[in-house]
Every structure is written in structure tokens, then in C-alpha cells.
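Take a look at the structure set out below.
The values are calculated or read from the model by the stated rules, or taken from the named source; none is laboratory data. Because the structure is predicted, anything quoted here is derived from the model rather than measured. All Cβ positions, glycine included, derive from the backbone under ideal geometry; neighbour counts span all protein chains shown. Surface accessibility is based on the protein's heavy atoms, side chains included, excluding ligands, DNA and RNA. Shrake-Rupley method; radii C 1.70, N 1.55, O 1.52, S 1.80 Å.
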Amino acid sequence: MKYRYISDSHTHSRCSFDGSDSVVMMCEKAANMGLYSLTVTDHCECNEYFKENVRDAMSASILEVSKARALYNSRLRVYIGIELGQPTQDLQASQDALSLTEYDFVLGSLHNLKGEQDFYFLEYTPETAPKLLERYFDEMLELVKLNNFDSLSHMTYPLRYICGNSGLKINLDDYADKIDEILTLLIENRRALEVNTSGLRQIIGKTLPDDTIVNRFRELGGKYVTLGSDAHRWGDIGSGIEDGLNLLFQCGFTHFTVFEKREPHFLPIL
Ligand SMILES: [Zn+2]
Ligand SMILES: [Zn+2]
């Protein structure tokens, strides 16, 4: 193995509505791959929190991860995480979810705009896509201002569907000011940027975000970067993490970050 530490800081178990496997199966895979650590970050969609069984699912996730942590004590570091979706759309839900346990790691995500469905379900045309993306970055800035997470997850999430599945062309230079504003605030708040490697195994074929934004984050003074496969089944645990490490290295980073008890820890890439 070329890299000293392989860690996967974004994964989903069957406690997520779209996940399929038990935490123990995920840990078994991670331990067999020789991963340094695995963070389970099940979905907590704040806008659904009080309508669906999100609270129960999060409680189940926390319990499963705690049990697995004890079981894999000597073989793998297992961290309790949460993917906090749309916390700005229900502040009470986000506070409630964050009080359920002492998390190691909180991802901040935006899967849908206020009043809209997940970007996965939307249809895109060359006219609608740029407007949606503009609203997306505006709402993402609100999320960063809320500042209740450790790492900003898949910053270019809609591109998975706009560029990947729908095959439309987007020039992110058109959003450079908004992107800079988001990255600058993240850095001021001492928060991390996630390199999400799920895109490498999807039609878009790139990390979310890709090297352009990661480079810009570093140029602006960003220090903390986390890596996650966003696996929703055990077979994808660790997928693309080595490519992600390579990307970070090419962008000039010497370390990546893993969070424990919500504190950042640097690990060397080489
Ligand atoms: Zn997500
Ligand atoms: Zn996820």
C-alpha cells in the first residue's frame, strides 16, 4: 500500500434510509482492508426529522456503532458520525440530533433546497440548472454560517446529477465568488472541506468537489480536509480513498484530517 493511512470518514449503514448493511459488516470489510479508521455517518435529514423516523434511526445508528467500536477495539478505530442534512431548514431538529450522543464527527450536507426535493429527483435543462446551482450555493453559505458541523460534505453534490446523469455542461467559474465566500468562511471557522470520492464510481467520474475547488481551498489557507467514500453498502467501503489521497497530495496537502470527539487530527498522506 502506497499511503500510510487509509481512513474512510463518510459511510452509511442500514440505519440510513438508503443504506443496506450492518455496521459490523462494514467494520469487518474496513478491518480486512487494513483501514486506519472508519466513521459511520448515517443520514439525519433535518427537514424530515420530526415527520419520519429519523430520530429513531439515528439512535439505532449510534447504538450499532458503539457496539461495533467495542467489538473491533484492537483491529480498527470506529468513530460515531452523523451526516446532518439541511440543518438550516429545521434548527430544532439539528439541535436535537446533535444532542443524542457525543459524536466524533459531524458532516454538514445540503441534499435539497428549501421546499424542493433532493437534487437526485429534479429534472435539469440548460435554463433551470444554473439557477438551481445559484440557489444551492446561496443556501450552502447559510449552512456554513450556521457552523454546527466539522466538515462540509460533497460541496458540488448537484453536479452529480446535472453534469453526471443529465450530461449538462456547467462552468463553475460562473460561481467563483460564491464558492470563494463559502471556502473563506469555512477556513475562518476552522472547519474542514470533504473530498467525497463517490463521484469516481458514478457517471460524473470526479470527486465532489474536484481538484479545482480543493486547490482553491488550499490557496485561501484551508488546512483541514476529510476523505469519504460515501459508501451505502459494505462493498464500497474505502472506495476511491487512495485516489482522494493522491488528489490531496497533487493539490499540495501533506496531511488529511480525521475527527475524534469532534477534534481534528492530522494524518500524513505519505
Ligand atoms: Zn450526502
Ligand atoms: Zn452520505
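The relative contact order of the chain, computed from alpha carbon pairs under 8 Å that lie at least 6 residues apart in sequence, is 22 percent. Remark: relative contact order (region 1-81) = 34 percent; criterion is Cα-Cα distance under 8 angstrom and separation of 6 or more residues. In region 7-268, taking the dipole from charged Cβ atoms about the Cα centre, the farthest positive-side position among Q92, Q250, M25 is held by M25. Please give the Cα centre distance for region 222-270 versus region 31-57, rounded to the nearest Å. Cα centroid to Cα centroid, the span is 18 Å.
Ligands, DNA and RNA are left out, and with a 1.4 angstrom probe the accessible area of region 7-268 is 43 Å² per residue. The per residue volume of the convex hull around the alpha-carbon atoms of region 1-56 is 85 Å³.
For region 143-197, the spread of Cα coordinates along the three principal axes comes to 35, 23, 16 Å, biggest extent given first. Shape of region 119-270 from the C-alpha gyration tensor: oblate (a/c of 1.5 or more and a/b not above b/c, with a ≥ b ≥ c the square roots of its eigenvalues). Dipole size of region 122-270 about its Cα centre, with +1 on Lys/Arg Cβ and -1 on Asp/Glu Cβ: approximately 300 debye, rounded to the nearest 20. Take each peptide in 206-219, 113-126, 173-186, count the other Cβ atoms within 10 Å of every residue, and average; sorted highest first, the result is 206-219, 173-186, 113-126. Each peptide in 195-205, 127-137 gets a packing score, the mean of other Cβ atoms within 10 Å over its residues, and the list from highest to lowest is 195-205, 127-137. Given +1 at the Cβ of Lys and Arg, -1 at the Cβ of Asp and Glu and no other charges, the dipole of the chain around its Cα centre is 900 debye to the nearest 20. Ligands, DNA and RNA left out, the accessible area of the chain computed with a 1.4 Å probe is 47% carbon and sulfur. The chain gives an Rg/Rh value of 0.94, both radii derived from C-alpha positions and Rh following Kirkwood.
In the structure shown, the pairs K114/K261; K206/K261; K29/K223; K51/K206 are assessed against 32 Å; a Cα-Cα span above that value is assigned to K51/K206. Taking every C-alpha pair closer than 8 Å and separated by at least 6 residues, the mean separation divided by the residue count of region 171-270 gives a relative contact order of 24 percent.
If R0 is 45 Å, the Cβ-Cβ spacing of S74 and S20 corresponds to a FRET efficiency of close to 0.95.
Based on DSSP H segments of at least four residues, each scored -39500 (n - 2.57), the chain has a per-residue ellipticity at 222 nm of -10000 deg cm²/dmol.
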